[in-house]
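The values are calculated or read from the model by the stated rules, or taken from the named source; none is laboratory data. Computed from a predicted structure; not experimentally measured. Virtual Cβ from ideal backbone geometry, glycine too; neighbours counted across all protein chains shown. Surface accessibility is based on the protein's heavy atoms, side chains included, excluding ligands, DNA and RNA. Shrake-Rupley method; radii C 1.70, N 1.55, O 1.52, S 1.80 Å.
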Amino acid sequence: QQQQQQQQVDVEIALEPDFGSHRFDQDAVFAIVNTMEYDEIVLFVTTLRQSGFTGDVVLSANIYFTSQEIKKNAQWQQQQQQGSYTPQLNKVGKLLRYYCTRSVGIVVYGGVVRNSVTHDTFSNTMDVEKDYVYLRGLYRIKDTQDIMEDERIPRSLGVARFELYWVWSKKYSPSSTILLIDAQDSYFQMGAFHGMGSNRVCRHSNATSTLHTYEENSKNKTHRLTHAQNMTMLVASYKVFEITRFTYNDNVLSAASTHGDQRAIEAYLRAMVKQFDYTQCALYRCEWAFHNYLYYMGVLWSLPEIDQVKVYMHGTGAVNSVGKDVPLTSSPRIYDSESYTVLNLPMGHGVHPSWCVHQYKLDEELYGYINETKKKLVKEIDYNEPPVFWNGGELLGMNYTVSISPLIGKHRPEQDAIFSIFYGTNVNDIALFVLSARKVGFQGDIVLSTPDLNKLASETSQLLSTLAKKKGVILYTGLMQQKGDQWILPNFFKDPTTGNPISDPRPPRAKSVLAFEIFREWTNYYASSSKIMITDAELTFFQGNPFVNETSCRFFELHLHYEHAGYRKFGSFEKQDVMIANAIEAVFDAEDLSNLATRPLLNPNAVHGHQDSIKIFISDMISGFDSFQCYHFGCNWAVLNYIWYSRTISNYESVSYEIFAHKQGGGYIIHVTVPPLDFMTERGLFDPSKMQFKSWKGTVSPVVFRYKFSELEVHFQQITRQLLSELDYATGETNVTGDES
């Protein structure tokens, strides 16, 4: 290090994954699985994905056969002597390569963590307490591109991992949330209330950079800093007995599980590496001393990248370390022995499963159950099929890309957006849709597509061109082409290699089905924190700003809306629309239809949520169309209701996502009306004195879907004329008076 400083060598990160690739703006879980068995890795990755975590899973692993294993194979040994040996994947390597090639978001590094004596990749044949490691290939000299050797002294795996984590943390955006976890004896549960959340949900400018750390279980008082073993480790690390004066009787904070926003995590990891450089404590468990020193001596609080540090009492938060509570059957508050579910302490939130269960091997009953779970998960692996945990958030197997550009306007990535496909035959419908949104203060993007601009009424074309003069109206045209009574996307898809257009890979389909492919592409133009609404522009108007209230920075939300059970339900939908009935009967079997006879239908034209959850929802819809080969009118109704009622909708039980299905009149944003108007008036859902649609709570509904009651035709004509009179055709400005904040 001194020599490097003297030469003033300019160094950069060189490390790249063996399999997979980092997704910069995603959340991530970091883990070292070098010492884990095949079935333990299957358990860790599968249960993490099944819990609803869709971010990156970044792993260091032993994926190649070691030198000792090569010596047992004569052919490999001969090839090695001749210099022609190519590293061979072991069983774990084949598993992780399969995960990376058949799903998205698994990132694997092999050969980074090396035994300091044998120089083999650290593996489960080595001793984490006695064997030391170095990190290979982390950095290179910028000018020469030469890979640098690890200049730090050999150290325990627990100490070394924090530098590798730091390198990984640089691969993510400031809005990413990252978990560092000891994967050795950890797995994940579904239905958890407390996960690590996702800072990507909130606008980055509004986000607080927080570090979350966990107390060890204080049962029997063996996890107090004053306990002999812990005090000895602190003194051994820092060589100063005076440090014990500052610890008093505090609980030990676990270095095995920490999470937070990327800025906070990166700063914490830097501090952990610096503690090693300062103390040169390379022993097993020295990282525990570093971790507690940083917190109790106030170092973390002094780092400008960390706005706050949250410490969780044992049994609360995202990670539950159960070791000191064994046998769990003696702790009914945190364990359901019938379902083998580990629970968080209620703490005013009710009883919920813990997201991450740590130290499960210490409980005999739970360990036995998890071992059976491992066997089941391993048995389900089919290398010819996507992993069982795959939820379709990305459309796998696509042999095409999409490249489209708007005719008018430009997407603004940090804005919210409203998506719609329209025909544009009636200028008043589009004027009411766009101008009422602007009137109530919605300043996000309004993204529209129409089949053919030349077929638009001239007034509609002029209106959209005028509105586009002011940022926020984006118009696509010509994406769709009619073929008989169905539609195709003739110039939408391109060969990823040549960039040349390719034919639409799907058969002709209804406009309402094809629209989801367009919507999915539009989502790519927006940030994960953007809120997006999908609706029918020609049936929607605005009474308030739909996205004026900031949601929590915890979950990605998806909002769906039921029809009124008296208007559209499974037992009577054929009375409203025969084509929708045919689609639903093609997707559901007779028994399901009988069981759902009294249940209302969800409306596919009234959906909103965060960009991330909307994109996954759209992918679910497209996958449903393809799975059922359902492409005609009504299939959007059929597939939406199938994935909802069959609970195959992605992230139904997820630690990062929350899905709401609102009863008619119960949504806080969209009001799906139900005829006749007298029905709405009698129930207080329409106020004729103020001409306002309201929710069941009596509040004004920001968005009204299906407003065209004959009794209100003159009223809406007057509103439209008023809005058009306030439009300056020269500048595109409107007289906005709503809640612009």
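Observations on the structure shown:
- The listed residues are TRP301, TRP288, and the only one of them that is among the aromatic types (Phe, Trp, Tyr), open to solvent by 50 Å² or more (accessible area, probe 1.4 Å) and at pLDDT below 95 turns out to be TRP301.
- Within segment 87-120, the set of residues being assigned to a loop (DSSP other than H, G, I, E, B), at pLDDT below 90 and hydroxyl-bearing (Ser, Thr, Tyr) comprises SER103 only.
- Residue in segment 8-19 that is free of Cβ contacts under 8 Å to residues at least 24 places away in the same chain and not basic (Lys, Arg) present: yes
- Scanning segment 64-77 for residues that are part of a helix (DSSP H, G or I) and either open to solvent by 30 Å² or more (accessible area, probe 1.4 Å) or closer than 20 Å to LYS374 by Cβ (or both) yields SER67, GLN68, GLU69, LYS71, ALA74, GLN75, TRP76, GLN77.
- Annotation: SER173 fulfils all but one of (1) open to solvent by less than 40 Å² (accessible area, probe 1.4 Å); (2) more than 30 Å from TYR652 (Cβ to Cβ); the unmet one is (2).
- Residues in segment 656-680 that are of a type in the set (A, V, I, L, M) and open to solvent by 10 Å² or more (accessible area, probe 1.4 Å): ILE659, ALA661, LEU677.
- Counted as qualifying within segment 466-572 are the strands (runs of 3 or more DSSP E) with 3 or more residues that are β-branched (Val, Ile, Thr) and over 30 Å from VAL655 (Cα atoms), namely 473-477.
- Check on PHE442, open to solvent by less than 10 Å² (accessible area, probe 1.4 Å), assigned to a loop (DSSP other than H, G, I, E, B) and of a type outside the set (S, T, N, Q): yes
- Residue selected from segment 30-63 under the condition farther than 15 Å from LYS91 by Cα and in a loop (DSSP other than H, G, I, E, B), by the criterion most open to solvent (accessible area, probe 1.4 Å): THR54
- Number of residues in segment 323-345 that are touching a helix residue (DSSP H, G or I) at 6+ places or on another chain (Cβ under 8 Å), part of a loop (DSSP other than H, G, I, E, B) and under 20 Å from THR373 (Cβ atoms): the value is 5.
- Among the residues making up segment 116-135, those that are crowded, with 16+ Cβ neighbours inside 10 Å and not polar (S, T, N, Q) are ASP120, PHE122, MET126, VAL128, ASP131, TYR132, VAL133, TYR134, LEU135.
Residues checked against (1) among the basic types (Lys, Arg); (2) over 23 Å from ASP416 (Cβ atoms):
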{"site": "HIS662", "(1), (2)": "no, no"}
{"site": "GLY666", "(1), (2)": "no, no"}
{"site": "PRO676", "(1), (2)": "no, yes"}
{"site": "PHE679", "(1), (2)": "no, yes"}
{"site": "PHE705", "(1), (2)": "no, no"}
{"site": "ARG721", "(1), (2)": "yes, yes"}
{"site": "LEU727", "(1), (2)": "no, no"}
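- Close contacts from segment 675-691, counting a first residue that is small (Gly, Ala, Ser) and a second that is at pLDDT 90 or above and surrounded by fewer than 13 Cβ atoms within 10 Å (Cβ to Cβ), with Cβ to Cβ under 9 Å and a gap of 6+ residues or different chains, come to GLY684/GLY698.
- LEU179 fulfils the conditions (1) in contact with an Asp or Glu (Cβ under 9 Å, 6 or more places away or on another chain); (2) more than 24 Å from VAL252 (Cβ to Cβ) except for a single criterion, (2).
- Enumerated helices (runs of 4 or more DSSP H) restricted to segment 610-696, each holding at least 2 residues that are under 26 Å from GLY191 (Cα atoms): 611-628, 635-645
- Selection status of GLN80, over 28 Å from TYR214 (Cβ atoms) and part of a helix (DSSP H, G or I): yes
- When PRO413, PRO406 are checked against the criterion of being more than 27 Å from LEU180 (Cα to Cα), at pLDDT 90 or above and open to solvent by 50 Å² or more (accessible area, probe 1.4 Å), a single residue qualifies: PRO413.
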